[in-house]
């Protein structure tokens, strides 16, 4: 446990991905196979549940620390992490020196589900009394925590790949899917060669550059294809050796997350690799990203989720056909092959072809561009007809022409302390616009968009201008004005303002504006009328 | 008119109307009694200052060489308009004092900032019996529990030794006033030169001139040969981590000494390589001890976790009220106060760490 706790604290401390990979790699090179297996279980989000009630655990910790529950809650508010709070308030006697391994602790925790509450209490308290503060913190994470330390599956895969000198795509394939640390071993899972190890290997995505200057600078319109820029998840669909793989940008193998697309394994020819966008889709048209968002990051795709946010694939490129890499063919030739595949598709509503936008003059695009939102698109993609499919973000052949975010100027009215890196600082803000009755009406919460320096300044202001307290929320003197940007806007019965904005964030701090000069609810509703 | 309290909280100072004297005023006044020289307590512009004699060199450095300043010893009584004042050790930093105020048999103590652990540089805290005790609550939550300082010094020693092995500079950040002197008395000092940022160098130099037993430091200048920093110890105020000043020490490891380092969030936000939990304020346990030892029947809780700590006291049979003051922003004010030397150089280079995902392609990554 000492070794794992140290790894955990070190990972937590750095935000450099290379350093994180190095730390994990060293762990994978030095820990026992059993411990490695458990570490991998944690880092890939497979922590088993030990059937403990968080409220009970809080109460046991507060009782042990001899403090009332409200003081425990206040402490939790300040720390922003339950496991850490408990590790800090528990009394220490300086004799905490357990040498149980990570694996042994997992077996220890494995006894919990069958215990009575009283036995659980004793079992957990006994563990706490044997562990140092850092170890108690990590133990609490094993017990009931989420592992938010900036270690994505991709980084774990990289570390494992380096530690075992294996190709990272192969490792990504090996760690995906269902496996249980109690039923397999590190050797079997990671080191044994699988039949389809190489079949899953994706191509690096070709990424577009934002367009510079006016679109007409691109020259002859006839040299270019134009498509809508879809608002979904960039994905690569691979069908090789009779197995289907879905990769998303960020190089995550996410085949399991999109069961709607699994039918492709029975219709695509072997040796096909497609590039496109996974979007949520209803009645033959794409839905705004926030619908898709409801199922991203979910571990269990319940029937309800699948019904409420069904997905479809919008294909726009093909990199491999009949097992041959065709990235060196021109955009036009690849498009023709893609259209051929689409033509033979039985379910075209789930496998769409990204349509080409018809235009003769650049000025027509100028007219169409403002209608992007109505088409549930974020603007245009402009692709040179004779360009090859390249690697990474390259200038010249693929351009994106995005719409500006919608925005209003709003007043900061509530603030709450952040958690994790931002614990102790007021970083979660609620913004309001002026209603008809001259009152401020909250309409959006935003967390990001300020620099660390600005966060410090806003925090300084808030701490000196608190009007009221409601639990963790502070009402702040309405004085600071920010420009709030958002990607979409919808009617909402759940919000007092009657509207819900998508992906709100702070664009900039309008130090030049007074609260009275902020926008009104009427202006927000005007935006809603335009885009709903 | 109802009888006024002996000390009143005006929002800009702790005021004794009977003596027309202000404790740690934030506005210019005629007569200011200063608990200690940190810049959130010692403000410029008052006509007359009174403080402990050990505060003098720093007050003159920071508020001006020509301020009208009267100094006293700990325990020395001075009477203003029938009100009896005396200063008593607060153990916070050099010259720090609790202000004892006695009038017609009633005793109030305004403790400023304080800690109970003896830091071997300033005179250690002494409990003062009183009727009313005014206390800070900077770390007034049960999550704050300091380890004995010797353990922290060992951590610093080990960190420095490791960096020396790797031929890296060890940049140790902490408040110029208080923390740095304490560290210099606590850690194992290298045989070679100890490098210091201008803010720390100037203070150290002034204190040495005033006769305090501190080692000599070497000022880092633009001309200092960068090779000399390899494997060396460099002392710096907390603001440098966002400046260009720090680049010349590459390769380096960055350490920060502060009570705030007890929380992961704070440590990660600071993006330091090592956080050392070393504070010049009382932790939860010592805060409670200090209140009990004062014997006060009424406690006013100022800067920090005021509402939480006063509720805790009320529930535990000590009548307490919370008070809003301007103190407790040591971090912000101290960073600006020590403006000697190239302190604020390069602040604009602060990294923007806010994650604005401007590329929807990246949504899942």
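The values are calculated or read from the model by the stated rules, or taken from the named source; none is laboratory data. These numbers were taken from a predicted model, which means no experiment stands behind them. Positions of Cβ are backbone-derived with ideal geometry, glycine not excepted, and every protein chain shown enters the neighbour counts.
Given (1) farther than 30 Å from residue B:304 by Cβ; (2) within 13 Å of chain B (Cβ to nearest Cβ), identify the lone condition not met by residue A:465.
Just one mismatch for residue A:465, condition (1).
Kindly establish whether residue B:59 is under 18 Å from the mean Cα position of the chain (by Cα) and not in a loop (DSSP other than H, G, I, E, B).
yes
Could you tell me whether the stretch A:53-75 includes any residue that is surrounded by 18 or more Cβ atoms within 10 Å (Cβ to Cβ), more than 14 Å from chain B (Cβ to nearest Cβ) and without any contact (Cβ under 8 Å) to a residue 60 or more places away in the chain?
no
Output the residues belonging to the stretch A:454-496 that are touching a residue at least 60 places away in the same chain (Cβ under 8 Å), surrounded by fewer than 18 Cβ atoms within 10 Å (Cβ to Cβ) and within 29 Å of the chain's Cα centre (by Cα).
A:472, A:490, listed by residue number.
Can you name every residue in the stretch A:242-270 that is in a loop (DSSP other than H, G, I, E, B), out of contact with any strand residue (DSSP E or B) (no Cβ under 6 Å at 6 or more places or on another chain) and either surrounded by 15 or more Cβ atoms within 10 Å (Cβ to Cβ) or within 14 Å of chain B (Cβ to nearest Cβ) (or both)?
Residues satisfying the conditions are A:250, A:251.
Which condition breaks for residue B:137 when tested against (1) surrounded by fewer than 21 Cβ atoms within 10 Å (Cβ to Cβ); (2) within 14 Å of chain A (Cβ to nearest Cβ); (3) touching a helix residue (DSSP H, G or I) at 6+ places or on another chain (Cβ under 8 Å)?
(1)
Out of the residues in the stretch A:96-108 meeting the condition of being out of contact with any helix residue (DSSP H, G or I) (no Cβ under 6 Å at 6 or more places or on another chain) and part of a helix (DSSP H, G or I), tell me which one is surrounded by the most Cβ atoms within 10 Å (Cβ to Cβ).
That would be A:105.
Provide a single number: the residues in the stretch A:352-367 that are over 12 Å from residue A:225 (Cα atoms), out of contact with any helix residue (DSSP H, G or I) (no Cβ under 7 Å at 6 or more places or on another chain) and surrounded by 18 or more Cβ atoms within 10 Å (Cβ to Cβ).
1
Scan the stretch A:71-91 for residues that are modelled with pLDDT under 90 and in a loop (DSSP other than H, G, I, E, B) and jot them down.
Residues satisfying the conditions are A:80, A:81.
Just the residues that are part of a helix (DSSP H, G or I) and under 20 Å from residue B:217 (Cα atoms), please, taken from the stretch B:160-190.
Matches in the stretch B:160-190: B:160, B:161, B:163, B:164, B:179, B:180, B:181, B:182, B:183, B:184, B:185, B:186.
Among the residues of the stretch B:249-281 satisfying the criterion of being modelled with pLDDT under 90 and part of a helix (DSSP H, G or I), which is nearest to the other protein chains (Cβ to nearest Cβ)?
That would be B:265.
Answer yes or no as to whether residue A:72 is in contact with a helix residue (DSSP H, G or I) (Cβ under 6 Å, 6 or more places away or on another chain) and within 22 Å of residue B:307 (Cα to Cα).
It is true that residue A:72 is in contact with a helix residue (DSSP H, G or I) (Cβ under 6 Å, 6 or more places away or on another chain) and within 22 Å of residue B:307 (Cα to Cα).
Taking the stretch A:366-400 only, how many residues are farther than 24 Å from residue A:284 by Cβ and touching a residue at least 12 places away in the same chain (Cβ under 8 Å)?
So the answer is 20.
Mind listing whichever residues of the stretch A:209-241 are buried (at least 20 other Cβ atoms within 10 Å of the Cβ) and in a loop (DSSP other than H, G, I, E, B)?
Listed by number, the residues that qualify are A:231, A:232.
Are any of the residues in the stretch A:372-381 at pLDDT 95 or above and under 16 Å from residue A:275 (Cβ atoms)?
yes
Being modelled with pLDDT of 90 or more and assigned to a helix (DSSP H, G or I) is the filter; apply it to the stretch B:211-244 and report the residue that is surrounded by the most Cβ atoms within 10 Å (Cβ to Cβ).
B:229
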